[in-house]
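These notes concern the structure reproduced below.
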Amino acid sequence: MELNAKKIHLMECAERLFSENGYAETSIRDIAKHASVNSAMISYYFGSKEKLVKSILDYRTTDLDKLLPTLHLQSSSNLEHIMAIINFYIDKVFEQKHFYKLLYQLQASDTQASLMEHFNKMRHRNHYYLKSIFEAGAAAGEFNLDIDVSLVTSTLTGSINHIVFNQGYYREVNDLKKTPEKKFTALLKERSKAHLHKLILAMIH
């Protein structure tokens, strides 16, 4: 999809509303009002609400195919590569929490089959990419031979999504209510990375 500043603005406005209010509850008119455009412009660029969500999925995931191999080139081992992917994913969810909240909603719904089919194509690419790293690590003696890639991935994504979407709870139970937002976010990201490195390492060794 060819992008311009106006399309990106519309997608990011829609992404935020879908995340906050739900896909089914958010109308094209709501998005147009939030983006300060008329509804006809959204229809012109995307055609329908479903196609708009598919465009958001593509917009947020297209660069992954380019970025993941870059992480491989920067890593000296398969283990280092996996840890770099974990760091990358944590950073991405913190930076794009509205997108990942939208994804969570779509996955939890039984009524958005077409959207999930579109999203699953990307998930399958990521699954086979991770599988190739784990297989290479197993062949090199770095990892176990019997790693369940889909469950390792679910553990990673489920853990970080829970952390990001429950930051208020984390503040409360760790007595961090008075910590400034920027400092708190940096602290939570650092702790999340350290925790998930240990967790994934225990699963694959």
Taking residue 114 as the residue in question, decide whether it is farther than 22 Å from residue 16 by Cα, surrounded by fewer than 17 Cβ atoms within 10 Å (Cβ to Cβ) and over 16 Å from the mean Cα position of the chain (by Cα).
-> no
Return a yes/no flag: does region 1-8 have any residue that is surrounded by 17 or more Cβ atoms within 10 Å (Cβ to Cβ), in contact with a Ser or Thr (Cβ under 6 Å, 6 or more places away or on another chain) and in a helix (DSSP H, G or I).
-> no
Checked pairs for region 175-199, first of a type outside the set (D, E, K, R), second in a loop (DSSP other than H, G, I, E, B), C-beta under 8 Å and 6 or more apart or across chains, list as 184/176; 187/176; 187/179
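For region 177-197, give me the residue count where each residue is open to solvent by less than 100 Å² (accessible area, probe 1.4 Å) and in a helix (DSSP H, G or I).
Total meeting the criteria: 11.
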Filter result (of a type in the set (D, E, K, R) and under 19 Å from residue 79 (Cα atoms)) within region 136-181 = 142, 146, 148
Among the residues of region 9-44, count how many are touching a Ser or Thr at 6+ places or on another chain (Cβ under 6 Å), open to solvent by 10 Å² or more (accessible area, probe 1.4 Å) and not aliphatic (A, V, I, L, M).
-> 1
Could you tell me whether residue 97 is of a type in the set (Lys, Arg), surrounded by 14 or more Cβ atoms within 10 Å (Cβ to Cβ) and either free of Cβ contacts under 8 Å to residues at least 40 places away in the same chain or touching a Pro at 6+ places or on another chain (Cβ under 6 Å) (or both)?
-> no
Answer residue from region 163-176, given it is over 20 Å from residue 87 (Cα atoms) and not in a helix (DSSP H, G or I) and is least open to solvent (accessible area, probe 1.4 Å) among those = 176
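Can you find a residue in region 141-155 that is surrounded by 15 or more Cβ atoms within 10 Å (Cβ to Cβ) and within 30 Å of residue 51 (Cβ to Cβ)?
yes
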In region 59-71, is there at least one residue being over 30 Å from residue 137 (Cβ atoms), touching a residue at least 24 places away in the same chain (Cβ under 8 Å) and crowded, with 17+ Cβ neighbours inside 10 Å?
-> yes
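The values are calculated or read from the model by the stated rules, or taken from the named source; none is laboratory data. Bear in mind the structure is a predicted one, so any value in this text is a computation, not a measurement. Neighbour counts are summed over all protein chains in view; Cβ atoms, including those assigned to glycine, are modelled from backbone coordinates with ideal geometry. All accessible areas refer to the heavy atoms of the entire protein, side chains included, with ligands and DNA or RNA removed. Shrake-Rupley method; radii C 1.70, N 1.55, O 1.52, S 1.80 Å.
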